[in-house]
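Peer 1: Can you read through this structure? Questions will come right after.
The values are calculated or read from the model by the stated rules, or taken from the named source; none is laboratory data. Since the model is a prediction, treat every value here as computed from it, not as a measurement. Because the Cβ atoms are built from the backbone with ideal geometry, glycine has one as well, and the counts that use them run over all protein chains shown. Accessible surface is based on the protein model in full, side chains and every heavy atom, while ligands, DNA and RNA are left aside. Shrake-Rupley method; radii C 1.70, N 1.55, O 1.52, S 1.80 Å.
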Amino acid sequence: DAINGKMMFIQGSPLLTRHNKINTGRLSGIVANHIPYFLKSNRLPSKKANIINTWEEKLEKIINETIGVDLRLIGGIPPWVIMYFQKILERTREETTLNIFPNLSLYVHGGVNFSPYKKTLKSIMPKADFLEFFPASEGFFAYQDDIEKEGLLLLTDHGVFYEFIEVDLFLNNNLKRLSLEDVELNKNYVLIISTVSGLWSYNIGDTVRFIDLKPFRVVVTGRIKHFISAFGEHVIGKEVESALESSVDEFGGKVTAFTVCPNVNPKEGLPHHEWFIEFNERPKQFNKFCVYLDNMVRKQNIYYNDLIRDQVLKPLVVNCVKIGGFNKYMDSIGKLGGQNKCPSLSNDKKIGNFLIEYTI
């Protein structure tokens, strides 16, 4: 039913640059040049809108092209899709898309852990199903083959050889690789690939967890390149994302974007983890939300728990970022819009130092 109406993928520019007789560009932009002919008549946005470089201008053009059409399928990175819908809801003075796009039935996403954004998007698109993929510039690794089940079916027969390193070992510089036959359920692994395209034992930076071995099904749990270990705690993306999801489920709130960084030298008090969260709707019991969030991280990471218990660190601090604050940061580094993602956590305070100017 979704392909009988309009379909839109919020993506990077399809314009390609030629280097040594090879066309290069962003992955999503390259894909835009290879849409099957039988889908082109249903595709949105137009190429004229897609090639606009300035994100705010591009977004306005996309909104002008889509309001009033029979949009049935949308795809893209969660923060940018949320921004698109927020702008439309603001313009139409609606609370959901039900009256704007009554036949919108499918949202296709991938590239980031979806859990922190799920509640926000479900409130915007109450009738839509969500379908997840695991794409990357290096290859296409997995897809959700059953919309009712958690996890993505790992593709094992199309030119990619997979190896895995346990995250805990990786962070301690033990790089022992495992093949598929040796992996275990519910452990976090760094994904290493070799491909027929020429990559050899390449770390793509993503971490996965197996939830089934017959067939192999994985959950994407985060980025190994993004972690906090300023105090030896080795907190990874999966832990902060899971903690935030649990806290939102418990106390409410709708998250648009977030990141976590260490505050090593605070003006007063003990060092701590500093969270920057942009809420579309802030939890009503905010102080309890912050305490619960800290406890959820402590439950998942024994090193962080020990540091809090031994008063080496104080519990985390949450800063509420003004609507649009994360966009300001992404714009400042030239990565606003498209398929660009703000790291969910980092081992320094570069992002935090910028966002602190946009906190409430």
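Peer 1: Exactly one of these conditions fails for T120: (1) under 30 Å from I277 (Cα atoms); (2) in a strand (DSSP E or B). Give me its number.
Peer 2: Of everything listed in (1) under 30 Å from I277 (Cα atoms); (2) in a strand (DSSP E or B), T120 misses just condition (2).
Peer 1: Given (1) free of Cβ contacts under 8 Å to residues at least 60 places away in the same chain; (2) touching a helix residue (DSSP H, G or I) at 6+ places or on another chain (Cβ under 8 Å); (3) open to solvent by 10 Å² or more (accessible area, probe 1.4 Å), identify the lone condition not met by L98.
Peer 2: That leaves (2) as the condition not met.
Peer 1: Filter region 247-265 down to residues that are over 23 Å from V81 (Cβ atoms) and open to solvent by 30 Å² or more (accessible area, probe 1.4 Å), then give me how many there are.
Peer 2: Total meeting the criteria: 4.
Peer 1: Here's something else I'd like to know. Identify, by number, the condition in (1) farther than 17 Å from F133 by Cα; (2) part of a helix (DSSP H, G or I); (3) in contact (Cβ under 8 Å) with a residue 12 or more places away in the chain that S28 doesn't meet.
Peer 2: Going through (1) farther than 17 Å from F133 by Cα; (2) part of a helix (DSSP H, G or I); (3) in contact (Cβ under 8 Å) with a residue 12 or more places away in the chain one by one, S28 breaks only (1).
Peer 1: Out of the helices (runs of 4 or more DSSP H) lying entirely within region 280-360, which hold 3 or more residues that are open to solvent by less than 20 Å² (accessible area, probe 1.4 Å) and either small (G, A, S) or touching a strand residue (DSSP E or B) at 6+ places or on another chain (Cβ under 6 Å) (or both)?
Peer 2: 350-355
Peer 1: Give E94, E60 a once-over and let me know the one that is of a type in the set (D, E, K, R), more than 23 Å from V112 (Cα to Cα) and not in a helix (DSSP H, G or I).
Peer 2: E94
Peer 1: I'm trying to understand the selection: among the residues of region 57-88, which are open to solvent by 10 Å² or more (accessible area, probe 1.4 Å), under 22 Å from the mean Cα position of the chain (by Cα) and free of Cβ contacts under 8 Å to residues at least 60 places away in the same chain?
Peer 2: If the condition is that a residue be open to solvent by 10 Å² or more (accessible area, probe 1.4 Å), under 22 Å from the mean Cα position of the chain (by Cα) and free of Cβ contacts under 8 Å to residues at least 60 places away in the same chain, then K87 is the only one that fits.
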